[in-house]
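Each value in this text was obtained by applying a stated rule to the coordinates, not by laboratory testing. Only a predicted model underlies this, so the values are computations on that prediction, with no experimental measurement involved. In this analysis, Cβ positions are derived from the backbone assuming ideal geometry, glycine residues included, and neighbour counts consider all displayed protein chains.
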Amino acid sequence: MKRIVVAVALAAMLATPAAFARNVKIGFVTTLTTGAAVIGRDMQDAVNLALEQIGGKMGGLDVDVIFEDDGFKPEIGKQKTDKLVKSDDVDFVAGYIWSNVLLASRKSALDAGKFMISSNAGASQMAGKFCNKNFFSTSWENSQTPMALGEVLNRKGVKKLYIMVPNYAAGKNMATGVERTFKGEIVGKDMTKWGKSAQLDFSAELSKVKASGADALFIFYPGKAGGAFIKQYEQAGLVGKIPLYSVFTVDSISLPKLQKGNLKGVLGSQSASFWSPDLDTPQNRKFVSSFKAKYGRYPSFYAAQSYDTIFLIKSAVDAVKGNLDDMDGMRAAMEKADFPSVRGKFRYGRNHFPIQNFYLLQVEPDADGVWTTKIVETIYKDHQDIYASKCKL
Amino acid sequence: MNSTLVISQLLNGLQLGVLLFLLAAGLTLVLGIMNFVNLAHGSFYMVGAYLCATFTLWLDSFLLGLLLAIPAMLLVGVVTELLVVRHLYRRDHLDQVLASFGLILVFDSTVHMVWGPAGLTFVLPAVLNGQVTVFPGVEFPVYRLLIIAVGLLVALGLYLLVARTRVGMLIRAGAANPVMVGALGVDIKTLFTLVFALGAVLAGIAGMLIAPITEASIGMGKDILIITLVVIIIGGIGSIRGSFIAAMVVGLIDTLGRSYLDDLLKLVLSNQAAETSAPAISSMLIYILMAVILYFRPEGLFPPRSR
Amino acid sequence: MSRPAHWTLLAAGLLLLLAPQIIGWIDKPFYLDLITRIVILSIAAVSLNLILGYGGMISFGHAAFIGIGAYAVGIPAYYEEYSGLLQLGIALGGAGLFALVTGIICLRTRGIHFIMITLAFAQMAYFTFVSLDQYGGDDGLVIDVRSEFPGLIDLESGVQLYYLSLAALALALFLVHRLVHSRFGRVIEGARSNRERMHSLGYDTYRYQLVCYVIAGMLCGLSGWLLGNFTSFISPEMMDWTRSGELLFMVVLGGTGLLFGPVLGVSAFIIGEEVLSGITVYWQFIFGVILILVVLFARGGLGRLLLRSGDGHG
């Protein structure tokens, strides 16, 4: 699990790779620096937990995971993917929080004939025109979750909606998703600067929301931006006036901070997701309780998806009994989705995105008073993304 | 156009302007008097935010956090000046740019080591978390009004310091003619250290004020630094008055651009193109402004006299 | 230049020529990426050194030219136009034009104002490309097919791309060497140290500087064109001001006004980054400290340090 140090260049150059017993090598690209590092840490913790639980073995082989930091930038993510593929010669490239990083890196991994598994990013292009036989997702296609939320808005009788999303690949997908199912009028839409130098002060936008006459506000602000947004939403006096609906924003990464600050406005706020810590499946019970025991906090959906990633890879390597050259065998195994998933039993569409349920979540305190999300109802059963039909596999 | 919205956007612009002024005041003095290009000035903004957040969480009081963070910033400023900056006053701008670029890396990674990558935030006391009616029909967050008030007070204080005190006289003289002040037998080294640390404190205060709105995070100083540089160039290097006016102008342009540009662009572009390009184009406005001003008035709007 | 320096150069040149073979032997294809990156960025650094080291024009917006060069590959490729000659022409023409227009304005200013106005133009270019939603905006654009030169050279091969880059670097170095040792170069250097004197000698220094600025911009556009082909991915991030800052840093690290200084600076920077970031996530701390120390104590950059030690021993 230690990074291969390119450092001692000469020494490394002279050393011949000891090729007796092959290990399963997994490159895991995530964000370990910048403010988004908190997401990366959650994923890293989940991967380590999963490895611990499987005893660091898959199909009888030892497992090496090499974590790489994308620095929240597509370009760096791509460079790191190149390095994993060319220098470390990994068997699987996994991870990827950000859709733009995934899109930039896809060619590097897939052209080299590696398996690529997205543990979060669900760029719709990957589900449609860029779908690939060696690409799998353990998360969702971006527009599925906001589409589910759009249905909820319709049911609640929302007529005028204001949309705020970051200006990058996933933000655009999220906005398109909610626009697809929401039947009322979109009275305003702001796309704010994202990335390493993301906009975090939303004063001008919130003033517009306030003046827009909307009866609901839809947002997608993953990571730390979510906490900042909700604070300012309260400071602007919008609580109780324009209800907040979110996707991938109110999660166990932002909630502890909000609770620490006693921002009660978030209690009762609703969002859509394929998963919640209280989702009642055997694997999820095991995952959430062991994660909490080990790290002392709730896992986020990023963690859940990363945990699934390891078990998906294990199912592939187990199926070919450690013969890592048997790409076809491993692919066939993964296509069956025959592994214990936190979301319960599910199957893959032909674009290798899960066909799965989506739930309505609400923020509530748990038995110990810790704020978390709880499932209210099921919005979609076995929902497949709309881009699958564009996939030529 | 909706007039209540216009008023709240003007206030938002004012609030951003005030913040920029706090940053620009120190930077313009350091550049004007010591002729030092300090790219690491944004780091003081970041460190101020982290210190204030830490103290506030620790003592459970925003006011105490502020009061403790200010002297801490003074210390950070003095130490930075003594260790690194002082040795670079006589070097050319290139060396200064590089060394302060190095300082940015050091500050960023130190913060990463001490506070971790996650960023730090805290919540305002309930009194400050509400809204207040500033004009009939216009509600505005109390805390943002407070920022405007604090910023204007600091501006006034700085004006009095520079215009009415002996230190201020030296600072003014230093901005106009640094060599002369040295020749007068003033302890120029101490004066420089003082001015540098004052700048660090002001930048720190800006960070402290913004922390409860956004949060203290690594790299927060990098983006604001570039905008601050734009402000001091527009205002004229070394001029506090120029910086003040330029900060207000830039704050307003940025906010109004963010609020109205997409609607304007929709007149000429498709909806989607307008939505995605508006944020970028509004960010560009201030650079266009700077280039135009530099072209017609290479010394900025209010260059200190006799330079 | 002293004799040992000649030998060092010869050895370094040979090493660069044989690099793909050596990398082939030891079977570490990733190092080819590393060295290609060094060579390509060296071209940008050499071009910055031309205006900065010899002409005294501190450009804080040089990354804009890299971006323009890279987008000259990406945007035509987006329309499935892969002709290498056309793309190269757009890269050189675009970068040259951008340098001409901005240079006319920038060169009216001096000192810190020149630094800031070049930054302003680079930021404008940056935000322009961010706003181009069609070409990916902030997310950037993947280049599926590299520039094509049918029958001549195949850039899809990493080794051929490397040799093309190396040839371009050699060309850039030769060009800069000839330029600074010509009358043109003396006027440029004269304009830096004593503009009034050059004026009284009857030279229109503004014109000379403008030509120099345009040449540097085009060279840097060439580097961007290669970089776009190399990374197969372009984004506005390539023109971010921190990139311009890094480029400045590389040039100064290697030694301004030295022909091979920029190459040395880029190599030290990239290898240093690779090595340090492999050791610790806090590598930037070490990097920052080294940077400050270099400025405080190793004045004149690594190049002069080497030259001095070379002279001392031989």
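Rounded to the nearest 20, the size of the Cβ-charge dipole of the stretch C:3-313 about its Cα centre is 1720 debye, with Lys and Arg at +1 and Asp and Glu at -1. Which of rounded, prolate or oblate describes the protein assembly as shown when judged by the alpha-carbon gyration tensor and an a/c cut-off of 1.5? Note, shape of the protein assembly as shown comes out oblate. For the stretch B:14-296, the equivalent ellipsoid built from the Cα gyration tensor has semi-axes of 31, 24, 19 Å, listed from largest to smallest. Could you tell me which residue out of A:Val209, C:Leu85, A:Asn100 lies farthest along the dipole of the protein assembly as shown toward its positive end? Charges go on the beta carbon: Lys and Arg +1, Asp and Glu -1, centred on the Cα centre. Among A:Val209, C:Leu85, A:Asn100, the one farthest towards the positive end of the dipole of the protein assembly as shown is A:Val209. Annotation: the residues A:Lys260, A:Lys183, sorted from fewest to most other C-beta atoms within 10 Å of their own C-beta, follow the order A:Lys183, A:Lys260. Principal-axis analysis of the Cα atoms of chain A puts helix A:74-86 at an angle of about 20° to the longest axis.
Taking the DSSP bridge list for the protein assembly as shown and keeping only pairs wholly inside it, about 40 percent are antiparallel. Normalised by the number of residues in the stretch C:1-138, the average gap of Cα pairs under 8 Å and 6 or more apart makes the relative contact order 22 percent. Annotation: aspartates and glutamates with alpha-carbon distance below 20 angstrom to A:Lys156 (same-chain offsets under eight excluded): A:Glu179, A:Glu185, A:Asp215, A:Glu364, A:Glu377. With unit charges on the beta carbons (Lys and Arg positive, Asp and Glu negative) and the dipole taken about the Cα centre of chain B, which residue among B:Pro125, B:Phe296, B:Ala203 sits farthest to the positive side? Sorting the options by dipole projection puts first B:Phe296.
Cysteines in the protein assembly as shown that lack a partner Cβ within the 4.7 Å cut-off: B:Cys52, C:Cys106, C:Cys212, C:Cys220.
Modelled spin-label separation between C:Leu18 and A:Lys160, with each label point placed 7 Å from Cα along the Cα-to-Cβ direction: 7.6 nm. Remark: the protein assembly as shown carries a charge dipole of roughly 1720 debye about the Cα centre, counting +1 on each Lys and Arg Cβ and -1 on each Asp and Glu Cβ.
Loop-located trypsin sites (Lys or Arg not before Pro) in the stretch B:80-176 (DSSP state other than H, G, I, E, B) with a sparse environment of at most 11 neighbouring Cβ atoms within 10 Å: B:Arg90. With R₀ set to 22 Å, the beta-carbon distance separating B:Leu83 from B:Asp187 gives a calculated FRET efficiency near 0.70. Where a Cα-Cα gap under 13 Å defines reach, which aspartates and glutamates qualify for C:Lys28, not counting those fewer than 8 residues away within the same chain? In chain and number order, the partners are A:Asp82, A:Asp88, A:Asp89.
Under 5 Å from the amide H of A:Glu68 lie the amide H atoms of A:Phe28, A:Val29, A:Thr30, each residue being 5 or more positions distant or on a separate chain, with H modelled from the backbone and absent for Pro and chain starts. With a ≥ b ≥ c taken as the square roots of the eigenvalues of the C-alpha gyration tensor of the stretch C:3-313, please select rounded if a/c is under 1.5 and otherwise prolate if a/b is larger than b/c or oblate if it is not? In terms of gyration-tensor shape, rounded. The local environment of B:Ile281, defined by Cβ-Cβ distances under 15 Å, has a net charge of -4 under the rule Lys, Arg +1 and Asp, Glu -1. Note on C:Leu152/C:Arg195: beta-carbon distance plugged into 1/(1 + (r/R0)^6) with R0 of 35 Å gives a FRET efficiency of 0.20. Relative contact order for chain B using alpha-carbon pairs under 8 Å, separation at least 6, rounded to a whole percent? It comes to 36 percent, rounded to a whole number. Shape analysis of the stretch B:84-171 places it in the oblate category; the axes a ≥ b ≥ c from the Cα gyration tensor give an a/c of at least 1.5, with a/b not above b/c.
In this simple spin-label approximation, A:Lys57 and A:Lys336 carry label points 7 Å from Cα along the Cα→Cβ vector, and these lie 2.1 nm apart. How far is helix A:224-235 tilted, in degrees, relative to the longest principal axis of the Cα atoms in chain A, given as a value from 0 to 90 rounded to the nearest 10? Helix A:224-235 and the main axis of chain A meet at about 10 degrees. Relative to the longest principal axis of the Cα atoms of chain A, the long axis of helix A:169-181 lies at roughly 50 degrees.
Remark: the stretch A:239-252, residue by residue, has Karplus-estimated 3J(HN,Hα) of 4, x, 9, 10, x, 9, 10, 9, 10, 6, 10, 8, 9, 6 Hz, where x stands for each Gly or Pro and the curve is 6.51 cos²θ - 1.76 cosθ + 1.60 at θ = phi - 60°.
For chain B, a crude dipole built from +1 on the beta carbon of Lys and Arg and -1 on the beta carbon of Asp and Glu, taken about the Cα centre, is about 980 debye to the nearest 20.
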